[in-house]
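**Student:** Questions regarding the structure given below will be posed in turn.
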Amino acid sequence: MKSERNAVIVKTSIFGIVANILLSGFKAVIGWFSHSIAITLDAVNNLTDAVSSIITMIAAHISGKDPDKKHPFGHGRTEYIATMAIGTIIAYAGFSAGIESIKNIIHPKTPEYKNVMFIVLGVAVAVKVFLALFFINRGKKVNSDSLTASGKDAFSDVLISVGTIVAAVVYMIFHISLEAYLGVLISIFIVKAGVEILIETISKILGEGTDVELVKKIKKTIVEHEGVMGAYDLVFNNYGQDIYVGSVHIEVVDTMTANEIDMLTRHITKDILEEYNIFLSAIGIYAHTTTNQEVIKLREDVSHIAVEHEYVNQVHGFYADTKAKEMRFDMVISFDAPSRAELYEHVIGDLKKKYPDYEISASMDSDFNEI
């Protein structure tokens with residue numbers, strides 16, 4: 001599966017490299033003979049696109065390497081580094097184009113437009129639109145941020161070419177040169193696109209929450225296993241595109257044997273890996289009391305008192321020893337709470353008033369996916 005994905009990325013990148021080098025050559029020739037700074041910059045920009053494709057191809061090769069002692073979870077995050085590099089190239093290309101356009105405003109040059117130039121630029125726009133859609137489509141198909149970023153970059157090139165054509169038409173009709181001013185405007189959009197790619201990729205590297213709908217589906221799959229009363233604390237660590245290692249706590253009836261629990265967790269791990277391509281490296285166990293009515297009533301009352309407070313989402317993993325007068329549980333407090341620590345202390349205070357004889361041990365938990 002991984003090899004097929006990498007093969008798609010490499011083939012798409014090679015196609016992009018060839019197309020961009022050819023486009024760059026055509027535009028460079030036209031820019032030279034027409035004295036058009038916009039067309040010349042567009043040619044340089046096509047070369048940066050070729051470099052982006054080369055980076056994507058190298059990243060696909062590295063990310064496809066097998067895990068080793070130094071990188072036991074593989075090399076998948078290489079693609080994030082590649083996407084950041086592409087975002088930087090896009091932003092730099094836009095910045096450079098802006099500087100050159102400003103220079104051309106200060107020291108203007110008279111362009112010489114010819115009909116052949118419109119033919120070349122028209123073909124370039126058509127090719128770039130095709131490349132943009134092709135890269136984005138392939139990027140979504142194999143979940144590659146670097147391919148998608150290259151597609152967005154291609155759309156930026158379309159803006160440059162269209163702007164150049166518009167400036168040429170205006171000059172030929174009204175003898176007013178606007179290409180330098182359009183160059184500044186277009187460069188702003190290109191820089192913005194590059195910065196957005198960088199911000200989005202950095203956010204992923206820092207660790208974003210998993211898609212809520214996916215989490216719901218996974219939890220639903222887990223609780224569908226016989227004997228599972230609930231699934232909590234589902235956490236994923238991302239090691240690259242489509243490479244997830246996670247952990248979860250499940251609540252099972254207190255009458256299950258160790259052998260039954262072992263078989264259950266093995267089945268859950270297997271099913272989640274096959275259905276979602278996510279490896280659960282750890283499954284913790286909460287014992288759900290079913291035989292002690294006093295504990296069952298205590299669990300219901302404690303949960304009711306806690307969730308009455310705004311921003312307390314749930315109580316789970318409840319255990320109580322009515323003879324030793326102790327209880328323990330996890331209390332999930334939303335990230336939206338003004339002060340999670342203060343809310344936690346407030347809830348514990350209310351519970352201690354209600355149950356002064358009990359020693360209360362509660363963990364302030366987080367729903368990392370905010371469901």
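Values in this text are rule-based calculations from the coordinates and carry no lab data. The structure presented is a predicted model; accordingly, all values stated were derived computationally and were not measured. Neighbour counts run over all protein chains shown; Cβ positions are idealised from the backbone, glycine included.
**Student:** Can you give the angle from 0 to 90° between the axis of helix 293-307 and the longest principal axis of the chain, with both taken from C-alpha atoms, to the nearest 10?
**Tutor:** 40 degrees
**Student:** OK, next. In sequence order, what are the phi-derived ³J(HN,Hα) couplings for the stretch 120-126 according to the Karplus relation 6.51 cos²θ - 1.76 cosθ + 1.60 with θ = phi - 60°, rounded to whole Hz, with x for glycine and proline?
**Tutor:** 4, 5, x, 5, 4, 4, 4
**Student:** How would HIS225, HIS249, HIS107 line up from fewest to most surrounding beta-carbon atoms within 10 angstrom?
**Tutor:** With the fewest neighbours first, HIS225, HIS249, HIS107 line up as HIS107, HIS225, HIS249.
**Student:** Evaluate the Debye formula for the chain with equal point scatterers sitting on the alpha carbons, no solvent, and hand back log10 of I(q)/I(0) at q = 0.09, 0.14 Å⁻¹, in q order, two decimals.
**Tutor:** -0.69, -1.08
**Student:** Now a separate question. Determine the shape class of the stretch 236-371: with a ≥ b ≥ c the square roots of the Cα gyration tensor eigenvalues, call it rounded for a/c under 1.5, and otherwise prolate if a/b is greater than b/c, oblate otherwise.
**Tutor:** Judged from the Cα gyration tensor, the stretch 236-371 comes out oblate (a/c at least 1.5, b/c at or above a/b).
**Student:** For the stretch 93-183, which trypsin sites (Lys or Arg not before Pro) are in a loop by DSSP, counting at most 16 other Cβ atoms within 10 Å?
**Tutor:** LYS109, LYS114
**Student:** Pairs LYS219/LYS297; LYS220/LYS297; LYS325/LYS352; LYS297/LYS325; LYS11/LYS270; LYS70/LYS141: which are spaced more than 21 Å apart, C-alpha to C-alpha?
**Tutor:** LYS219/LYS297; LYS220/LYS297; LYS11/LYS270; LYS70/LYS141
**Student:** For a quick check: with amide H placed at 1.01 Å from N, whose amide H comes under 5 Å from TYR355's, ignoring anything fewer than 5 positions away on the same chain?
**Tutor:** Under 5 Å from the amide H of TYR355: no residue qualifies.
**Student:** Would you mind ranking LEU23, LEU343 by Cβ crowding within 10 Å, fewest neighbours first?
**Tutor:** By the 10 Å Cβ count, ascending: LEU343, LEU23.
**Student:** Right, something else. Could you tell me which GluC sites (Glu not before Pro) in the stretch 302-339 are loop residues by DSSP with no more than 14 other beta carbons within 10 angstrom of their beta carbon?
**Tutor:** Of the GluC sites (Glu not before Pro), the ones in loops of the stretch 302-339 whose Cβ has at most 14 other Cβ atoms within 10 Å are GLU308, GLU310.
**Student:** While we're on this one: Cα axis of helix 340-354 to longest principal axis of the chain: angle in degrees, 0 to 90, nearest 10?
**Tutor:** 10 degrees
**Student:** For helix 145-174, what angle does its Cα long axis make with the longest principal axis of the chain, in degrees from 0 to 90 and rounded to 10?
**Tutor:** Here the helix axis deviates by roughly 30 degrees.
**Student:** Can you list the GluC sites (Glu not before Pro) in the stretch 95-200 that are in a DSSP coil and have 16 or fewer other beta carbons within 10 angstrom?
**Tutor:** Here the sparse-neighbourhood loop sites are GLU112.
**Student:** Treat each spin label as a single point 7 Å out from the Cα along the C-beta direction, and report the LYS220 to ILE106 distance in nm.
**Tutor:** The answer from the label model is 6.2 nm.
**Student:** Given the rule -39500 (n - 2.57) for each run of at least 4 DSSP H residues, summed and divided by the residues of the chain, what is its mean residue ellipticity at 222 nm, to the nearest 500 deg cm²/dmol?
**Tutor:** Dividing the helical sum by the residues of the chain leaves -22500 deg cm²/dmol.
**Student:** Please express the shape of the stretch 2-206 as an equivalent ellipsoid: the semi-axes are the square roots of 5 times the eigenvalues of the C-alpha gyration tensor, given largest first in whole angstrom.
**Tutor:** The equivalent ellipsoid of the stretch 2-206 has semi-axes of 35, 17, 12 Å.
**Student:** Roughly how many whole Å is it from the C-alpha centroid of the stretch 240-270 to that of the stretch 159-180?
**Tutor:** Between the Cα centres of the stretch 240-270 and the stretch 159-180 lies a distance of 64 Å.
**Student:** Continuing with the same structure: Give the order of PHE130, PHE26, PHE174, PHE15 when sorted by the count of other beta carbons within 10 angstrom, beginning with the fewest.
**Tutor:** In increasing order of surrounding Cβ atoms, one gets PHE174, PHE130, PHE15, PHE26.
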